[in-house]
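Novice: Take a look at this one; I'll ask things after.
The values are calculated or read from the model by the stated rules, or taken from the named source; none is laboratory data. The structure presented is a predicted model; accordingly, all values stated were derived computationally and were not measured. When we count neighbours, we look across all protein chains shown, and the Cβ atoms used for this are built from the backbone with ideal geometry, even at glycine. We work out accessible area using only protein heavy atoms, side chains counted, and drop any ligands, DNA or RNA first. Shrake-Rupley method; radii C 1.70, N 1.55, O 1.52, S 1.80 Å.
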Amino acid sequence: MSLSRDAALEVAKVLTEALPYIQRFTGRTLVVKFGGNAMTDPELQQHFARDVVLMKLVGMNPVVVHGGGPQIGRLLEQLGLESRFVGGMRVTDRATMDVVEMVLGASVNKEIVSAINAAGGKAIGLTGKDADLLRARKLALEPGQPGTQAPELIDLGHVGEVEQVNSGVLDLLLASDFIPVIAPIGVGPEGASYNINADLVAGKVAEALQAEKLMLLTNVPGLTDRDGKVLTGLDTARVDALIADGTIHGGMLPKIRCALDAVKGGVRTAHIIDGRVPHAVLLEIFTDQGVGTLISGVAS
């Protein structure tokens, strides 16, 4: 069935609006943290996979980092293992770490890889343990950190932070036309495994690759002011001020700090986008309006 004239003109308008962005970002690396509703809704997952494939086809270099908290929680519950969180991070003992590796490194990672490949891409799944991709160290919450009241260091078990990214592995894959899909499991001294927050991994990967963009998919429209209006076009000084005056607080604070650190570390722009919107990644990259909060190193 042929398109009506108006429908055809709308398609042409969309394509012409996208053209300058395609030209600008060809050959550039974009790191996308995939999580939230976009990850658990099959239709949104399919949209995401097609978005990533299109990015690759028009000459961009997408790198995907994924989470999997809800899936981990469900399996822990089925196994009768308790989920405990401190400061927003899952306390990870040896048994829990085994579940994390099983869910993130096998089930979730391979599901995303399969979706991208089914959409025509060439995805390859990795954990941070592959070729020492994510070298990690043990993370302990210090006294006085948000969400804690403890007077001494808190041992979170096998929870880590990124010490170094082996970017050569990713450079090799990107140069060979692959789409890396990374599970946020790091490797420490003597091969110890660490569960790392996926936002933090995405930010560190973006820094290591000096990416054009870091995109963090979430379940909210973006960063909002006190009246609920989405804020965008922010520079790092403005974000620091919003943190200082309490506008940015609670669960959004770690995500914003991750984006802020990435931009201060050389990533050109960071984006907090609403993963509940179909094709949110393409809308943020290829349209004038975007669908979330943009943070850059310079004032807009």
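Novice: Check V86: other-chain or 5+ apart residues with amide H under 5 Å from its amide H, H built from backbone geometry?
Specialist: Residues meeting the criterion, in which the H sits 1.01 Å from N, are V91.
Novice: Right, next: Given a 1.4 angstrom probe, I'd like the percentage of the accessible area of the chain that is carbon and sulfur, rounded to a whole number.
Specialist: C and S atoms contribute 53 percent here.
Novice: Give a residue-ordered list of calculated ³J(HN,Hα) values for segment 112-124 (Karplus: 6.51 cos²θ - 1.76 cosθ + 1.60, θ = phi - 60°; whole Hz; x for Gly, Pro).
Specialist: Running phi through 6.51 cos²θ - 1.76 cosθ + 1.60 with θ = phi - 60° gives 5, 4, 5, 5, 5, 5, 5, 7, x, x, 10, 8, 9 Hz.
Novice: What is the extension gain from R137 to H279, computed as 0.36 nm multiplied by their sequence separation minus the C-alpha to C-alpha distance, in nm to one decimal?
Specialist: Result for the pair: 47.6 nm of gain on full extension.
Novice: On a full-extension model of 0.36 nm per residue, what is the gain between V86 and D235, subtracting their alpha-carbon distance, rounded to one decimal in nm?
Specialist: 50.6 nm
Novice: Below 8 Å between Cα atoms, with a sequence gap of 6+, how large is the relative contact order for segment 218-300 in percent?
Specialist: Once divided by the residue count of segment 218-300, the mean separation gives 45 percent.
Novice: Report the dimensions of the chain along its three principal axes from the alpha-carbon atoms, largest first, rounded to Å.
Specialist: Over the chain, Cα extents along the principal axes are 66, 43, 36 Å.
Novice: Averaging over all projection directions, find the projected area of the Cα convex hull of segment 222-276 and quote it in nm² with one decimal place.
Specialist: If you wrap the Cα atoms of segment 222-276 in a convex hull and average its projections, you get 3.9 nm².
Novice: Stick to Cα atoms and the Kirkwood definition of Rh, then tell me Rg/Rh for segment 202-248.
Specialist: A ratio of 1.02.
Novice: Please list, in order along segment 4-14, the HN-Hα scalar couplings obtained from phi with the Karplus expression 6.51 cos²θ - 1.76 cosθ + 1.60 (θ = phi - 60°), rounded to whole Hz, x for Gly and Pro.
Specialist: 3J(HN,Hα) across segment 4-14, in whole Hz: 5, 4, 5, 5, 5, 5, 5, 4, 4, 4, 4.
Novice: Pop out the ³J(HN,Hα) list for segment 235-252 in order, Karplus 6.51 cos²θ - 1.76 cosθ + 1.60 with θ = phi - 60°, rounded to Hz; leave Gly and Pro as x.
Specialist: Along segment 235-252, the couplings run 9, 5, 5, 5, 5, 4, 5, 5, 5, 5, 8, x, 4, 8, 7, x, x, 6 Hz.
Novice: Regarding segment 161-241, what's the average projected area of the Cα-atom convex hull, expressed in nm²?
Specialist: Averaging across all directions leaves 7.5 nm² for the Cα convex hull.
Novice: Label L9 and D225 with points 7 Å out from Cα along Cα→Cβ: what is the distance between them in nm?
Specialist: 3.6 nm
Novice: Restricting to Cα pairs below 8 Å that are 6+ residues apart, what does the relative contact order work out to for the chain? Please round to a whole percent.
Specialist: Relative contact order for the chain comes out at 21 percent.
Novice: Now a separate question. What number comes out for accessible area per residue over segment 1-123 if the probe is 1.4 Å? Units Å², please.
Specialist: Normalised by residue count, the accessible surface of segment 1-123 is 52 Å².
Novice: For segment 1-90, what does the relative contact order come out to in percent, with C-alpha contacts under 8 Å and a separation of six or more?
Specialist: 28 percent
Novice: Just to be sure I understand: if I project the alpha-carbon convex hull of segment 1-125 onto a plane and average over all orientations, what area do I get in nm²?
Specialist: 10.7 nm²
Novice: Loop only per DSSP, at most 14 neighbouring Cβ atoms within 10 Å: give me the chymotrypsin sites (Phe, Trp or Tyr not before Pro) in segment 1-52, ordered by residue number.
Specialist: Here no loop site has a sparse enough neighbourhood.
Novice: Mind checking which of T127, V187, P254 is farthest towards the positive end of the chain's charge dipole, using Cβ charges of +1 (Lys, Arg) and -1 (Asp, Glu) about the Cα centre?
Specialist: My answer, from the dipole projection, is T127.
Novice: Mind grabbing the base-10 log of I(q)/I(0) for segment 41-110 at q = 0.16, 0.26 Å⁻¹? Debye formula, identical points on the C-alpha positions, no solvent, two decimal places.
Specialist: After summing over all Cα pairs, the log10 values are -0.68, -1.16.
Novice: So, one more: Taking amide H positions as placed in the peptide plane 1.01 Å from N, state which residues far from D235 in sequence (5 or more) or on other chains have amide H under 5 Å from it.
Specialist: Answer set, sorted by chain and number: S296, S300.
Novice: In the chain, once you exclude exposed trypsin sites (Lys or Arg not before Pro) (DSSP loop, at most 11 other Cβ within 10 angstrom), what's the longest stretch remaining?
Specialist: 1-225
Novice: Starting from the amide H of V159, placed 1.01 Å from N in the peptide plane, find each other amide H under 5 Å away whose residue is 5 or more places distant or on another chain.
Specialist: Amide H neighbours of V159: T92, L139, N195.
Novice: Give me the 1.4 Å probe accessible area per residue for segment 151-300, excluding ligands and nucleic acids, in Å².
Specialist: 42 Å²
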